[in-house]
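Encoded as structure tokens, the structure appears first; notes follow it.
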Amino acid sequence: MGKIPERPETIFPQITADYREVFGEELVALILYGSGADRGYVPGKSDLNFLVVLTERGMEDLEKAMTVAARWRKSRVATPLFMTKEYIDGALDAYPIEFLDMKHNHVTAWGRDVLADLEIGPGHLRLQLERELRGKLLLLRQRFLETEGRDRELRRLIRESLPAFLSAFKAILWLLGREIPRERSELVEAAAQAVGVGAETFGRCLLVREGRDNYSPAEVRGLFREYLGEIAGLCRRIDAMSFPAAG
């Protein structure tokens, strides 16, 4: 422990043993989600995100996990999300984007796959999509001005904000009954075909996020303006979508 894993699955036996030792029969599942569960994992740069599913009784003893969580942070394992199955079922209407993303992209390290059969309501999902996208657009406009055009800050804004829009693309494709690709570049192309987002703009943002571009500061500023324009257009398209009301 303390060593950065080259592949996430190599730590499954040990991290499972640690949490089973702490919670025993109150541990329902240990599930890896996010970039570590797909090809987006980069050793030393990507955090490993786990969902720890406990019984209600286990949740009462949450402080037992403090030492284990602290030890695993040395291996770039983020402090896990701790939930009960009851919490997950009750939160599907409030956080459908997040749970859809987890459902689509996870690996069960141990226990019951509680994400596989989640039922996402289309109306709740469309409503959260519009709310999240509009909120993020307002925030990005504000932070764009705060950068005063500095290249480093603009790049950081792109890197930090892009994953939320990739998750939104997955949600949109799911709403439209389309296949959701696992590769990020293919996801962008699929969203472009489905709702007309700018594949070139988001593709260039992907290069910035992955550190694979050679854009000048002026080009990054121009890219960020395009990025804002594409997000505004996406908000309009989501607003025009119609699904059963979220009740």
> Is it the case that Val42 is farther than 30 Å from Ser242 by Cβ and not in a helix (DSSP H, G or I)?
Replying inline: yes
> Given (1) touching a strand residue (DSSP E or B) at 6+ places or on another chain (Cβ under 9 Å); (2) in contact (Cβ under 8 Å) with a residue 60 or more places away in the chain; (3) over 19 Å from Arg112 (Cβ atoms); (4) not hydrophobic (A, V, I, L, M, F, W, C), where does Arg20 come up short, assuming only one miss?
Replying inline: (3)
> Of all residues in segment 164-203, how many are without any contact (Cβ under 8 Å) to a residue 40 or more places away in the chain, part of a helix (DSSP H, G or I) and in contact with a Gly (Cβ under 9 Å, 6 or more places away or on another chain)?
Replying inline: 5
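Looking at Gly58, Gly36, Gly24, can you tell me which residue is modelled with pLDDT under 95, assigned to a helix (DSSP H, G or I) and either crowded, with 19+ Cβ neighbours inside 10 Å or more than 20 Å from the chain's Cα centre (by Cα) (or both)? If you could, list the steps in order and put the result at the bottom.
Values: Gly58 fails: modelled with pLDDT under 95; Gly24 fails: modelled with pLDDT under 95.
One residue alone meets the criteria, Gly36.
Check whether at least one residue in segment 144-159 is outside any helix (DSSP H, G or I), under 25 Å from Lys45 (Cα atoms) and either touching a His at 6+ places or on another chain (Cβ under 9 Å) or modelled with pLDDT under 95 (or both), and report yes or no. Quick ask: steps written out before the conclusion?
So in segment 144-159, the residues outside any helix (DSSP H, G or I) come out as 147-150.
Keeping just the survivors that are under 25 Å from Lys45 (Cα atoms) gives 147, 150.
Now restrict to residues that are either touching a His at 6+ places or on another chain (Cβ under 9 Å) or modelled with pLDDT under 95 (or both): none.
No, segment 144-159 has no match at all.
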>> Restricting to segment 168-221, give me the number of residues that are of a type outside the set (A, V, I, L, M, F, W, C) and farther than 24 Å from Arg134 by Cα.
In response: 14
> Could you list, in sequence order, the residues of segment 76-122 that are surrounded by fewer than 16 Cβ atoms within 10 Å (Cβ to Cβ), assigned to a helix (DSSP H, G or I) and in contact (Cβ under 8 Å) with a residue 40 or more places away in the chain?
Replying inline: Lys85
> Among the residues of segment 89-103, which ones are among the basic types (Lys, Arg) and within 14 Å of Glu130 (Cα to Cα)?
Replying inline: none
> Can you pull out the residues in segment 183-205 that are closer than 19 Å to Ala232 by Cα, surrounded by fewer than 18 Cβ atoms within 10 Å (Cβ to Cβ) and either within 19 Å of the chain's Cα centre (by Cα) or outside the structural domain of Leu234 (by TED's automatic domain parsing) (or both)?
Replying inline: Glu189, Gly203
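The values are calculated or read from the model by the stated rules, or taken from the named source; none is laboratory data. Note that the structure is a prediction, hence the values are computed from the model and not measured. Please note: Cβ atoms are built from the backbone with ideal geometry, for glycine as well, and neighbour counts cover all protein chains shown.
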